[in-house]
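Participant: Next up is a structure, given as structure tokens.
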Ligand code: SF4
Ligand code: SF4
């Protein structure tokens with residue numbers, strides 16, 4: 001290969017960089033730029049602040065990533081046997097698929113739009129329910 005051909009070959013990546021330099025940026029500076037809201041599962045509460053959940057664990061069985069955890073306790077309410085003592089969701093693993101809400105016989109889980117949920121710390125990606 002001649003010297004000129006080698007120079008042209010070496011300069012080709014630089015010309016690509018130069019042409020992209022003036023293009024509009026397609027990535028965003030997260031978290032300074034607000035990202036689109038994602039649907040997240042959340043427990044539904046009534047007017048008195050009691051959750052509709054009966055701690056039957058059907059949503060846990062339906063979840064494909066095993067990111068829900070609901071601990072049951074006996075309920076003092078005559079109308080139901082159990083209630084959740086603790087509910088946790090690992091948002092780092094949640095796919096926002098909505099299978100948990102679809103499988104709940106009580107409509108006790110709903111998908112709520114939320115933005116800016118990311119975190120580099122795993123513990124910040126776990127949200128807690130009633131305790
Ligand atoms: S399926 Fe509904 S009622 Fe059963 S544990 Fe899940 S949220 Fe509670
Ligand atoms: S939205 Fe999907 S992945 Fe997330 S908790 Fe519900 S079933 Fe699991």
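The values are calculated or read from the model by the stated rules, or taken from the named source; none is laboratory data. Keep in mind it's a predicted model, so treat the numbers as computed, not measured. With ideal geometry, Cβ positions are generated from the backbone for all residues, glycine too; neighbour counts draw on all protein chains shown.
Participant: Test residue 59 against the criterion of being touching a helix residue (DSSP H, G or I) at 6+ places or on another chain (Cβ under 6 Å) and within 18 Å of residue 128 (Cα to Cα), and give yes or no. Working first, answer last.
Facilitator: Working: touching a helix residue (DSSP H, G or I) at 6+ places or on another chain (Cβ under 6 Å): yes; within 18 Å of residue 128 (Cα to Cα): yes.
It is true that residue 59 is touching a helix residue (DSSP H, G or I) at 6+ places or on another chain (Cβ under 6 Å) and within 18 Å of residue 128 (Cα to Cα).
Participant: To continue, here is another question. Just one of the numbered conditions (1) touching a helix residue (DSSP H, G or I) at 6+ places or on another chain (Cβ under 9 Å); (2) in contact (Cβ under 8 Å) with a residue 40 or more places away in the chain; (3) assigned to a loop (DSSP other than H, G, I, E, B) is not true of residue 36; which one?
Facilitator: It is condition (1) that residue 36 fails.
Participant: Would you say residue 106 is modelled with pLDDT under 95 and surrounded by 16 or more Cβ atoms within 10 Å (Cβ to Cβ)?
Facilitator: Numbers: modelled with pLDDT under 95: yes; surrounded by 16 or more Cβ atoms within 10 Å (Cβ to Cβ): no.
Judged against the criteria, residue 106 is not a match.
Participant: Can you tell me which residue within the range 41-67, out of those that are assigned to a strand (DSSP E or B) and either near ligand 1 (Cβ under 8 Å from one of its atoms) or in contact (Cβ under 8 Å) with a residue 60 or more places away in the chain (or both), is surrounded by the most Cβ atoms within 10 Å (Cβ to Cβ)?
Facilitator: Step one: filter the range 41-67 for residues assigned to a strand (DSSP E or B), giving 41-43, 45, 51.
Now narrow it down to the ones that are either near ligand 1 (Cβ under 8 Å from one of its atoms) or in contact (Cβ under 8 Å) with a residue 60 or more places away in the chain (or both): 41-43, 51.
Working: 41: 24, 42: 17, 43: 17, 51: 19.
Top of the filtered list is 41.
Participant: Within the bounds of the range 84-91, is there any residue that is in contact with a helix residue (DSSP H, G or I) (Cβ under 8 Å, 6 or more places away or on another chain) and part of a loop (DSSP other than H, G, I, E, B)? Steps first, please.
Facilitator: As a first pass, look at the range 84-91 and keep what is in contact with a helix residue (DSSP H, G or I) (Cβ under 8 Å, 6 or more places away or on another chain): 90-91.
Now narrow it down to the ones that are part of a loop (DSSP other than H, G, I, E, B): 91.
Yes: the range 84-91 contains one or more residues that are in contact with a helix residue (DSSP H, G or I) (Cβ under 8 Å, 6 or more places away or on another chain) and part of a loop (DSSP other than H, G, I, E, B).
Participant: In addition: How do the pairs read when you match residues in the range 78-104 that are on the phi > 0 side of the Ramachandran plot with residues anywhere that are outside any loop (DSSP other than H, G, I, E, B), using Cβ under 6 Å and keeping only pairs 6 or more apart or on different chains?
Facilitator: So the pair list comes out as 96/38; 96/39; 98/111.
Participant: Further question: Here is a check on your reading of the model: is residue 97 surrounded by 11 or more Cβ atoms within 10 Å (Cβ to Cβ), under 16 Å from residue 128 (Cβ atoms), modelled with pLDDT of 90 or more and within 16 Å of ligand 2 (Cβ to nearest atom)? Lay out the reasoning, then the answer.
Facilitator: Details: surrounded by 11 or more Cβ atoms within 10 Å (Cβ to Cβ): yes; under 16 Å from residue 128 (Cβ atoms): no; modelled with pLDDT of 90 or more: yes; within 16 Å of ligand 2 (Cβ to nearest atom): yes.
For residue 97, the condition - surrounded by 11 or more Cβ atoms within 10 Å (Cβ to Cβ), under 16 Å from residue 128 (Cβ atoms), modelled with pLDDT of 90 or more and within 16 Å of ligand 2 (Cβ to nearest atom) - is not met.
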